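A short reminder: the numbers here are calculations on the coordinates, not readings from a lab. Small disclaimer: the values here were computed from a predicted structure and weren't measured. Don't worry about glycine lacking a Cβ; one is built from the backbone with ideal geometry, like all the others, and counts go over all protein chains shown.
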Amino acid sequence: MFYRIALTMVASLLLLTSSPLVAAPPNFILIFCDDLGYGDIGCFGSEKHRTPNIDRLAAEGMKLTSFYSTCGVCTPSRSSLMTACYPRRVNMHESARKEWVLFPLARKGLNPKETTIAEVLKTKGYATACIGKWHLGDQKPFLPTEQGFDKYFGIPYSNDMGSQQRKQNPPLPLLAGKTVIEAPVDQNTITQRYTEQAVNFITENKDRPFFIYLPHTMPHNPVHASDRFRGKSANGGYGDSVEEIDWSTGEILKTLQKLNLDEQTLILFTSDNGAASRWGGSNKPLSGFKGSTMEGGMRVPCVVRWPGRIPAGSSFDQTVSTIDLLPTFAEFADAKAPPKSHIDGISIADILTGQSKATPHDAYYYYFRDALQAVRSGPWKLHLARTVKPRNKPARVVPAKLYNLEDDIAESNNVIDDHPDVVKKLEELADVAREKYGDQKKTGSLQRPAGLVDEAVPLVLNE
């Protein structure tokens, strides 16, 4: 009898220690590219770019093939990644000047009262670093070190926003913490330097849990690459920058292996939105580009690797999003996420570990700045009817369109006349979004204020 009880206790202990949710908390490395398209890496079909290290992440982990950002441009999508909220909920869907994204000297930024993914992980003793492009406010109250990150090294907004873009812009700054250490930054070496910073941070924190948020500056235009990669790809400067990002990913993998941290580390690789319509990026087989609510604007490549926890060579093709990462990381780290009523994301820990095959989202919403333009539920996506007013042209109505994304990933076959019941359901879901988050001039019941400073001060080099 005692022997059987002992065996049962041992078996229970083995079961507990093998569970990914009760094992030692993992390290997290979140690699976030800028304007990398759905079809820009090998494991998602690229025939131009050599990306063996990113492809290795997919081969040894999971591809998320219906993974979405919440917007087709930088600032809103990054606010969602940090807070697990749709951009309108945190009032980061556009600048105070009603522009698509935040520009240098913006008075607006991510409200420091919001709870970020870094702040959640710090409650469990994580060392946290943001290395790369921030773009959630360039004023000091909004910078990464005020939003849960112990370390920041990078540029505060897009790489085309230097003094050549607008006269009032300062030279494009490189920051360490809150201090400008180089201006204008040498962009040819930026991916290399980000990689060195990431490797150093891993090495310095190898004996404690760490979170690295690595939002690459590339391949946003103007594209840059170091001498080792410049002119070497089959796709011009754009391809050069993508292949250097792949090299960077490989250096991180080598470091983890060298330090015996491989099986303790979850790596997630994705992009902030789709590729632009110019400059060499590809969203194939999707339609649309950066800035749009077509699939090519917001569905992005995503691969996740955690050896021994995430099934190798697996894939998931139902709706998940950047808003799901905060609650997912919190669950894996046994940390407390903000209450469900306060965020829009849902943990996908069970999906990543192969225990669930169902999307957590009954509906997913596509906003273009302040306007709700589409809603997805299951395989169905409804583009809502809307009025557009081109400059110097009369207004016109764009009719609603319905697509079955499982059968028609390219959104080429409008089946709205064949499924009135589906249209009705999706229109009802759209009304739910309008009530919660707002739509154009209508304010949503869940909206919270962004951060705002009285006067914006330029980030400049103190020589």
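Here the 3J(HN,Hα) profile of region 98-111, calculated from phi with Karplus coefficients 6.51, -1.76 and 1.60 at θ = phi - 60°, is 6, 9, 4, 9, 7, 10, x, 6, 6, 7, 9, x, 4, 4 Hz, Gly and Pro shown as x.
Taking amide hydrogens as placed 1.01 Å from N in the peptide plane, the amide H of GLY438 sits under 5 Å from those of GLY444, SER445, each at least 5 positions away in sequence or on another chain. A straight chain from ARG278 to ASP362 at 0.36 nm per residue would run longer than the Cα-Cα distance by 26.8 nm. The overall shape of region 371-440, judged from the alpha-carbon gyration tensor, is oblate: a/c is not under 1.5, and a/b is no greater than b/c.
Whole Å is fine, so just give me how far the alpha carbon centre of region 178-202 lies from that of region 232-295. Value for the Cα centre distance between the two parts: 18 Å. Applying the criteria of a DSSP loop state and at most 14 other Cβ atoms within 10 Å to the GluC sites (Glu not before Pro) of region 389-447 yields GLU406. Counting only residues at least eight positions apart within a chain, or on another chain, the aspartates and glutamates with an alpha carbon under 17 Å from that of LYS436 are ASP344, ASP362, ASP370, GLU427, GLU428.
Calculated [222 nm] ellipticity per residue, helices only, for the chain: -7500 deg cm²/dmol; basis is -39500 (n - 2.57) per DSSP H run with n ≥ 4, divided by all residues, nearest 500.
Between the exposed loop cleavage positions of the chain, defined as trypsin sites (Lys or Arg not before Pro) in a non-H, G, I, E, B DSSP state with at most 12 neighbouring beta-carbon atoms within 10 angstrom, the longest gap is 1-96. The GluC sites (Glu not before Pro) of region 70-137 that meet both conditions, a loop assignment by DSSP and at most 15 other Cβ atoms within 10 Å of the site Cβ, are GLU99.
If R0 equals 41 Å, the separation of the Cβ atoms of LYS424 and LYS124 corresponds to a calculated FRET efficiency of about 0.35. Subtracting the Cα-Cα distance of SER314 and VAL397 from their residue separation scaled by 0.36 nm leaves 25.6 nm. Here's the picture: a label point sits 7 Å out from the Cα of ASN200 along the beta-carbon direction, and within region 226-252 the residues with their amide nitrogen under 16 Å of it are 252. Take every Cα pair under 8 Å whose residues are at least 6 apart in sequence, average their separation, divide by the length of region 202-258, and the relative contact order is 30 percent. If you wrap region 216-331 in the convex hull of its Cα atoms and look at it from every side, the mean projected area works out to 8.9 nm². For the pair region 379-419 / region 84-110, the C-alpha centres are spaced 27 Å from each other.
Cross-link pairs exceeding 23 Å between alpha carbons, from the set LYS140/LYS206; LYS381/LYS424; LYS63/LYS284; LYS133/LYS258; LYS113/LYS140; LYS124/LYS151: LYS140/LYS206; LYS133/LYS258. Near CYS33, the amide H atoms lying under 5 Å from its own belong to HIS216, THR270, SER271, ASP272; only residues 5 or more places off or on other chains count, and H is placed 1.01 Å from N.
From the alpha carbon centroid of region 127-158 to that of region 297-338 is 23 Å. Looking at the square roots a ≥ b ≥ c of the eigenvalues of the Cα gyration tensor of region 84-211, which shape do they give, rounded for a/c under 1.5, prolate if a/b is larger than b/c, or oblate? The shape class here is oblate. Label separation (ARG228 vs ALA24): 3.0 nm, computed from points 7 Å beyond Cα along the C-beta direction.
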